[in-house]
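S.K.: Take this structure, written in C-alpha cells, and hold onto it; I'll ask about it next.
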Amino acid sequence: MVKTGAPAPDGALPELTTTAAAAGDRPRFLVLGLLAITDGHETVVLQPSKPGSLLAALLLHPGAVVSADLLQRVVWGTRPPAGGRSALHTCVLRLRRLFAKYGVADHAIEAVPGGYRLHADADTLDLLRFRELLQRANATDDPETALLLARTALRLWKGPVLGNVHSDELHRDLVPRLTEERLLAVERVFDGELRLGRHREMVADAREAVRADPGHEALSALLIEALYRSGRRAEALAEYRRIHTHLTSELGVEPGPALRDLHGAVLRGDPTGAGTGSAATGVPPPAPTASPGLGRASPPAPGTLVLRALVNAGLLEEDPSGRYRVHDLLRLFVQAAGTSLPTAAPPDATDFPPPATG
C-alpha cells in the first residue's frame, strides 16, 4: 500500500507506510513520482521531511559528490541552522537507519571531503533505469525495438516528480530538468509511431500531450504531422494556427524554422518526414493527381495554388470540413480602406468549397 502523510518534525526520521517486503528482492529508489523505496512488489513512500529532502538531492545526483552547502540549501533553504554541517550529518545517520530497516546497503551514502555521495545504478534507481532505456532506444536500428524501449522508459514515470519532497531548491533547479527529459522521451515515442506508420493511432495521445504542454513546438509538430498523414489536413493547419497564436501572444516569438517548414509542406501538400514513403515508415506520400494517358503526375490546378497561397498569406481560413472563408484580418483591412464586407456574409459569399482537382 502506498500512502503519504503529514510532514515529520524537523530532522525526524521519515514515517513510512508499507506491508512486508518480499525477502531477497533488491530494493530500489524511486524519484520519477513520489520519493519512495520499492522491492518491485511493495512500495514505501516517504512522508515529507528534511531527511527525505536530503535523500532526494543525492538521488538526483547519482554517483556524484553533492556539496554540503548545496545539501543545506536543499534541506533548510536560505537559512540553514547554526551548526548546519552537524545537522546534515544527523539527517544522514537517520537515513542510514532507514536503509537498514528496508534492506538498503549501509554504505549506499558515502561521506566524502566536502559533502556526500549516493551510489546507485539502473537496478537501484528508476531515474538511471529510465536513462538507460532511452539510450538503448536511440542506439538500436530496429524501429519496433526502439519504440518498445522508449515506451517502457515512459512507464517508469508515476506522476509529478518528488511531489512529497518540500524543497524549493530542488523544484526550482532540478525538477524542471527531469520534466524536460520526460518530454524528450514522449517525443521519442511519437517519432517512433510515425516511423512505423502508426500516425492514426497516435493522434489522441499526441493531442493530450499538446494539451498538457501547449507551447511545446516539437510536440505540436508531431501532432501536425500525424494529422496530416492521416488525411486530416484542415486539422493539421488548425493546430499550426493554435501554436502560432500561443507563441506570438504568450511568449512574443514566432515558431521555429522546423515548425514553419512543416507548415509549408502541409500547405503545399508535400510529403513530410525523412522516411515518408519508405518501407521504414510504411506511410506513402500524398498521391498527386494523374492526368489520363500520362505516365506522370500533373501539376495542381491553378485554383488550388491560389487558395493555398491565400491561406499561407493569412487571407483565407480553412475549416475542418475543407471549406474556405475570408479571414477576419482581410475584413478589417477592407474596412480600414473605406470598403466593407458583410460581417455575417451568406455562405456563398465568403465560403469556398475545396478546389476541384485536375
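The values are calculated or read from the model by the stated rules, or taken from the named source; none is laboratory data. Note that the structure is a prediction, hence the values are computed from the model and not measured. Note that each Cβ is placed from the backbone with ideal geometry, even for glycine, and that neighbours are counted across all protein chains shown. Only protein heavy atoms, including side chains, enter the accessible area calculation; ligands, DNA and RNA are left aside. Shrake-Rupley method; radii C 1.70, N 1.55, O 1.52, S 1.80 Å.
S.K.: Percent of Cα-Cα pairs more than 16 Å apart in region 78-139, please.
M.R.: On the way: 1143 of 1891 pairs.
Here the tail beyond 16 Å accounts for 60 percent of pairs.
S.K.: Taking the simple approach of a point 7 Å from Cα along Cα-to-Cβ for both GLU110 and ASP142, what is their distance in nm?
M.R.: Those two pseudo-labels are separated by 3.7 nm.
S.K.: Please calculate the 1.4 Å probe accessible area of GLU193, with all protein chains present, and give it to the nearest 10 Å².
M.R.: For GLU193, solvent-accessible area is about 10 Å².
S.K.: Determine the gain in length on full extension of the stretch GLU132-ARG155; use 0.36 nm per residue of separation and subtract their C-alpha separation, reporting nm with one decimal. Spell out each step's value before the answer.
M.R.: Numbers: separation 23, 0.36 × 23 = 8.28 nm, distance 1.35 nm.
Extra length from GLU132 to ARG155 when fully extended: 6.9 nm.
S.K.: Quote to one decimal, in nm, the extra length available between LEU251 and ARG182 on full extension: 0.36 nm per residue of separation minus the C-alpha distance between them.
M.R.: Computed gain between LEU251 and ARG182 is 22.6 nm.
S.K.: How much accessible surface does HIS171 have with a 1.4 Å probe, in Å² rounded to 10?
M.R.: Accessible surface of HIS171 is approximately 70 Å².
S.K.: Ranked from the most accessible area to the least, with a 1.4 Å probe and all protein chains present, what is the order of ASP168, ASP126? If you can, show how the numbers build up before the last one.
M.R.: Numbers: ASP168 130, ASP126 5 Å².
Result, largest first: ASP168, ASP126.
S.K.: Over the Cα atoms of region 177-222, Rg to Rh with Kirkwood Rh, two decimal places? Numbers along the way, then the final one.
M.R.: Numbers: Rg = 10.2 Å, Rh = 10.6 Å.
On the Cα set of region 177-222, Rg over Rh gives 0.95.
S.K.: On to the next question. Viscosity 0.890 mPa s, temperature 25 °C: give me the Stokes-Einstein translational D for region 52-187 in µm²/s, with Rh taken as the Kirkwood radius over C-alpha pairs. Write down the numbers at each step before the final one.
M.R.: Details: Rh = 16.3 Å.
Estimated diffusion coefficient is 150 µm²/s.
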